[in-house]
Amino acid sequence: HHAARVAGWSGPGRTADGVEVAILANVADGASARAATGQPVEGVGLFRTELAFLERADEPSVEEQAAIYREVLDAFAGGKVVVRTLDAGSDKPLRFVSHPDEANPALGVRGDRIALAHPEIRAHQLDAIARAAEESGARPWVMAPMIASPAEAAAFAAQVRERGLVAGVMVEVPAAAILAPAILAEVDFVSIGTNDLTQYTMAADRMSADLAALTDPWQPAVLHLISMVAQAGRGQGKPVGVCGEAAADPYLACVLVGLGVTSLSSAPVAAPAVGAQLGAVTLDVCKEAAAAALATTDPAGARAAAAAVLASDE
Ligand code: PEP
Ligand code: MG
């Protein structure tokens, strides 16, 4: 009957004892956002804007960008939409951004760092997001990828707020997790990118099939960093989401909630299974599963420890 429960789950996200946890979609453009509305998601937790422009030789105009952003805002009118500024470089080079020839592009000028050489690209994008927001009557949250320091977070947030938008950053560099209280003090929210946070914590390329055991999102070291960020968010009363694929694993999603994460965003197809699992357990059980996972030293142990708590309580 578990399969029937998954198929019938229709949201909104909440634990068995009624604690609300928004279950959101990762999208790439208007078409994928409209497709995501067919799943029981309450909004968009990560709009990867760079994916809308991978084929472009020239920077799209503010008008063109605004039209694309508006498609996503309109798909989830009245719902939450988190727009990420361009995460160009490394595995997602953009032709209209001149990327330097780098020996280690994952450690290079990528994500928010492209604003070092191209501040106008970020300014144009924020103008376009503000225009889309005004036209659609939405109030999107806007976040930067690859933030490594509170100063970077502060500089980004100032530009976002100048345009009347809600400012956040991704936590996907271990330094940002370690200084989470100082990062959170600069912004309105954070979202943890577990794909890159795992890659950088474990010093293991997320694209390498040979290193898949190291880049397992159940790595206890990564769970400890997530716990630090969630506790910092709780202390300041600010939302801490997860938008990496860790949020697509039903048991891991419960562990994330137990660690204090307030929203879960992943491939929209994962929403029914995540929502059904979360609805089967209380927040206290999620906390117990999180504590059990944190007490282990390897991913298989973390998964088994959490599963033992969660499965016995469904
Ligand atoms: C992440 O790093 O977890 C993330 C959500 O961003 P991306 O996968 O686009 O790098
Ligand atoms: Mg990332």
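More than 16 Å from ligand 1 (Cβ to nearest atom) and either polar (S, T, N, Q) or modelled with pLDDT under 95 (or both): which single residue out of 88, 77, 66, 57 fits that description? Sole residue among the options that is more than 16 Å from ligand 1 (Cβ to nearest atom) and either polar (S, T, N, Q) or modelled with pLDDT under 95 (or both): 57.
Scanning region 131-147 for residues that are in a loop (DSSP other than H, G, I, E, B) and either within 15 Å of ligand 1 (Cβ to nearest atom) or of a type in the set (Val, Ile, Thr) (or both) yields 145, 146, 147.
Taken together, the criteria place residue 282 among residues that are in contact (Cβ under 8 Å) with a residue 40 or more places away in the chain and either more than 16 Å from ligand 2 (Cβ to nearest atom) or within 29 Å of residue 10 (Cα to Cα) (or both).
The listed residues are 242, 173, and the only one of them that is closer than 17 Å to residue 81 by Cβ, crowded, with 18+ Cβ neighbours inside 10 Å and within 16 Å of ligand 1 (Cβ to nearest atom) turns out to be 242. In this structure, does residue 187 turn out to be more than 13 Å from ligand 1 (Cβ to nearest atom) and crowded, with 20+ Cβ neighbours inside 10 Å? When the stated conditions are applied, residue 187 passes them.
Only one entry in 262, 201, 282 is among the polar types (S, T, N, Q), modelled with pLDDT of 95 or more and in contact with a helix residue (DSSP H, G or I) (Cβ under 6 Å, 6 or more places away or on another chain), namely 201. If the condition is being within 27 Å of residue 189 (Cβ to Cβ) and more than 12 Å from ligand 2 (Cβ to nearest atom), then region 87-107 contributes 94, 97, 107. Scanning region 186-215 for residues being in contact (Cβ under 8 Å) with a residue 40 or more places away in the chain, over 18 Å from the mean Cα position of the chain (by Cα) and away from ligand 2 (no atom under 16 Å from the Cβ) gives a total of 1.
Pairs are defined by a Cβ separation below 6 Å, a sequence spacing of at least 6 or placement on different chains, a first member in region 50-78 that is under 19 Å from residue 145 (Cβ atoms), and a second member that is basic (Lys, Arg) and modelled with pLDDT under 95; the pairs so defined are 50/92. In the set (1) more than 15 Å from residue 30 (Cα to Cα); (2) crowded, with 21+ Cβ neighbours inside 10 Å; (3) under 20 Å from the mean Cα position of the chain (by Cα), residue 115 fails one condition alone, (3). The set of residues in region 263-289 being closer than 20 Å to residue 196 by Cβ and in contact with a Pro (Cβ under 7 Å, 6 or more places away or on another chain) consists of 263 alone.
Per-residue answers, yes or no, for (1) closer than 28 Å to residue 197 by Cβ; (2) among the hydrophobic types (A, V, I, L, M, F, W, C):
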residue	(1), (2)
48	yes, no
54	yes, yes
65	yes, no
87	yes, no
94	yes, yes
107	yes, yes
111	yes, no
122	yes, no
137	no, no
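Considered as a group, the residues in region 128-161 that are charged (D, E, K, R) and without any contact (Cβ under 8 Å) to a residue 24 or more places away in the chain include one that is farthest from residue 76 (Cα to Cα), and that residue is 161.
The values are calculated or read from the model by the stated rules, or taken from the named source; none is laboratory data. On a predicted model such as this, the values are computed, not experimentally measured, just so you know. Every residue, glycine among them, receives a Cβ derived from its backbone with ideal geometry; neighbour counts consider all protein chains shown.
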